[in-house]
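Notes for the one structure printed next.
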Amino acid sequence: MAHGPAKGIGRWLFATNHKDIGTMYLWFSFAMFLLGGFFAMVIRAELFEPGMQIIKPEFFNQMTTMHGLIMVFGAIMPAFVGLANWLIPMQIGAPDMALPRMNNLSFWILPFGFALLASTLFMEGGAPNFGWTFYAPLSTTYAPPTVNFFIFGIHIIGASSIMGSINIVSTILNLRAPGMTLMKMPLFAWTWLITAFLLIAVMPVLAGAVTMMLMDINFGTSFFNAAGGGDPVLFQHVFWFFGHPEVYIIIIPAFGVISAIIPTFSRKPLFGYSSMVYATSAIAILSFVVWAHHMFTVGMPLAGELYFMYATLLIAVPTGVKVFNWISTMFRGAITYETPMLFAIAFVILFTLGGFTGLMLAIAPADIQYHDSYFVVAHFHYVMVAGAVFSMTAAVYYWLPKWCGRMYNEALGKTQFWISFIGFNVTFFPQHFLGLAGMPRRYADYSLQFTDWNMVSSVGAFIYGASQLLFLYNVISTIRSGEKTDDPKVWEGAEGLEWTLPTPAPFHTFSTPPDVK
Amino acid sequence: MATNPVRKTAVWLLFGGIGMFCFALFVLPPLYDVFCEITGLGGKTSGPYTQEQGAQQNGAQQNGTEQRPVDLERVVKVQFVATNNGAMPWEFKPLVQEVKVHPGQAQKVAFYARNATRRDMVAQAIPSVTPISAAKFLHKTECFCFNNQPLKAGESADFPLVFFIDAELPRTVNTITLSYTLFDITKQGTEQKAEQSTGKNTEQDAPPLAAVL
């Protein structure tokens, strides 16, 4: 090999190697995950009992806002970008990402974006307090002055995502090994290709939305100000035109991860590969035409409500195809239940549950009851946490031996799975009941009749939070002192180019392209 | 530059991203306005009613000089609501709560406003119609909402409104609620009176893009 990694801090500051950048993305996102998780713990601690105990309502609003923003933009999205950096070149037989220097830039601006965002917590007026959806005029006319930091933070984070996506698409379209046709690519590469296109299409729309806010706040325009001829409802349309594809940006790479893990531990090839590709593409395309189902209560005409309701329900079809394929892959397979497989199966079950509550919310007349209640909170945590976060955890357990040449502690992994699984469901399942009983989201206090389930939910949240520390411990102890392995396949049922490489994966791989049959 | 295939892909994608940014900033808002204008979504009434508009809407049987047909068979109830936005301190209310009109018949009403504060202020009223399907059938020939309304400290005024209901109003609509929300634009109003003066309804003299930007 020509050269190994540079020595010292320079290895990371000037990193152009996809594995190093992937590692930095993963650690950064885990740090953000712990920060956002800490905010969640503050929220659940306050909601343990009715009345105000620990924090002030103003600070509670800052916590819900920062929790949402950090989890979506800081934890889940960079985690999947990190995974893409590590795996896509190894899966398609490329020596590195197509644009390594831009890769470095897209990672290194992220810490600055989040420093800008998190620094608002220590400023006069406090952090943004208008919810992660930052609806105008709450986020313009009535926003704290720190909103400008939030806006520039979003700009930086968005630029990072767009650069990362350009890099991923360029890599997949140009650097595949000879013989690696698109329809031979592992599904993780496919799902990321689709996700990257979604990101390039909608992150600029988010940038546009915050730019309009910036101009309304500082330069006297009236995009969202009715007094000057604008319309606050326009904000919701622009935001959700970004926001709905965004939720698929978060979940589609998870589909790719699950489609890699389930065949490995079922010891069967993935059922319906091409239908998986088409279903994912269909979901991505549909995500652009359903945005207003987030705003059924805004005062839409009947025709609009009907259209957005039916279009949304239609998404259940390709999603159903995917769930069907995963189950068919497991059907009559020689299944073993290692930790990644446990997380993957939990993903399929809990994601489907979250999908069903999504269908309930998609029904316009029913949504008027559920809107902005804890039912919505339960729904999106089932798809975001049990969907995206569980799949990330599964991915780390699955590929970690490949990355560092050491096996994780299986008993500890399974323990972490069960604590996570139980903790997660104890946290979020009761929130369905709370929402149906009428508890609204984003309030620091609640009526007495909601006390019991809130207590249960808070206890579950602390259990789930603790399980993440166990995960951190397991990963660190694996890297430092896990049992060594040099089996290229690691898992006997694993298929794909990354498993033909030596374990641990060397600093440079596929400097000469592999032969793909 | 375009010889390197990676660079070619990346440049294409970059332009795609920039294009989407421009789309969000320069196309979506005017598009939304036009969409609302055509469909009447959001319950906004259109600008000052002109004869040409009437001629377009009512087709060939009516020329510009002729009086509108008044449908004496039908009676439509029009209710008025006045709301202050945010911390707007003015007293603001309709002088009559509701009127009954025949479609086509012009009706004059007034809203009372009083600036009880000790400073001169400027207000802008923003209309909204319920049901939203009736919005494009409510025509105003004169409205205080077409201009911003300055009132000196302690001053009061009756704001006039002249409107008629289009004879084409769907049969299912018997009651229309016309609501005005009064915004305090003292800060903006003094700075840019000319641009702000007609609020939403500038499409006669300016295209929607310019109206928003």
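Brief remarks follow.
- Between the range A:341-377 and the range B:82-138, the C-alpha centres lie 43 angstrom from each other.
- Using only side-chain charges placed at the Cβ, +1 for Lys and Arg and -1 for Asp and Glu, the dipole size of chain A relative to its Cα centre rounds to 1200 debye.
- Net charge, A:Ile479 excluded, C-beta distance under 13 Å - Lys, Arg +1, Asp, Glu -1: +3
- Exercise: per-residue mean of other protein chain Cβ atoms within 10 Å, A:201-211: 5
- Ordering A:Gly354, A:Pro100, A:Ala466 by Cα displacement along the dipole of the range A:10-500 toward the positive end leaves A:Pro100 in first place; charges were set at the Cβ atoms of Lys, Arg (+1) and Asp, Glu (-1).
- The range A:196-335 - charge dipole about Cα centre, Lys and Arg +1 at Cβ, Asp and Glu -1, debye rounded to 20: 820
- Amide H within-cut-off set for B:Ile176, under 5 Å, with H built and near neighbours excluded: B:Lys77, B:Val78, B:Gln79
- The protein assembly as shown - Rg (one decimal) and Dmax (whole number), Cα, Å: 29.1, 94
- Peptides A:288-299, A:417-428, B:85-96 ranked from most to least packed give A:417-428, A:288-299, B:85-96, packing being the mean of other C-beta atoms within 10 angstrom over each peptide's residues.
- Peptide-level mean, for B:146-155, of C-beta atoms on other protein chains within 10 Å: 0
- Chain lengthening between A:Glu410 and A:Phe324 when straightened (0.36 nm per residue, less Cα-Cα): 28.1 nm
- Taking amide H positions as modeled 1.01 Å from N, with prolines and chain starts lacking one, the residues under 5 Å from B:Asn84 and 5 or more places away or on another chain are B:Leu182.
- Since only A:Asn225, A:Ala364, A:Thr16 are under comparison, the one whose Cα sits farthest along the positive direction of the charge dipole of chain A, derived from C-beta charges on Lys, Arg, Asp and Glu, is A:Thr16.
- Residues of the range B:157-188 with an amide N closer than 12 Å to a point placed 7 Å from the Cα of B:Thr83 along the Cα-to-Cβ direction: B:178-183.
- Distant-in-sequence amide H partners of B:Tyr112 (H built 1.01 Å from N, under 5 Å): B:Lys93, B:Leu95, B:Phe159
- In order along the range A:291-301, the Karplus-derived 3J(HN,Hα) couplings, from 6.51 cos²θ - 1.76 cosθ + 1.60 at θ = phi - 60°, round to 4, 6, 5, 7, 9, 4, 8, 7, x, 9, x Hz, and Gly and Pro are given as x.
- Over chain A, relative contact order from alpha-carbon pairs under 8 Å, at least 6 apart, %: 18
- Unit charges at the beta carbon, dipole of the protein assembly as shown: most positive-side option, A:Ala303, A:Val257, A:Gln62: A:Val257
Throughout, read-outs are computed from the coordinates displayed, never taken from laboratory work. Just so it is clear, the structure is predicted and the values come from calculations on it, not from any experiment. Glycine gets a Cβ as well: all are built from the backbone with ideal geometry, and neighbour counts include every protein chain shown.
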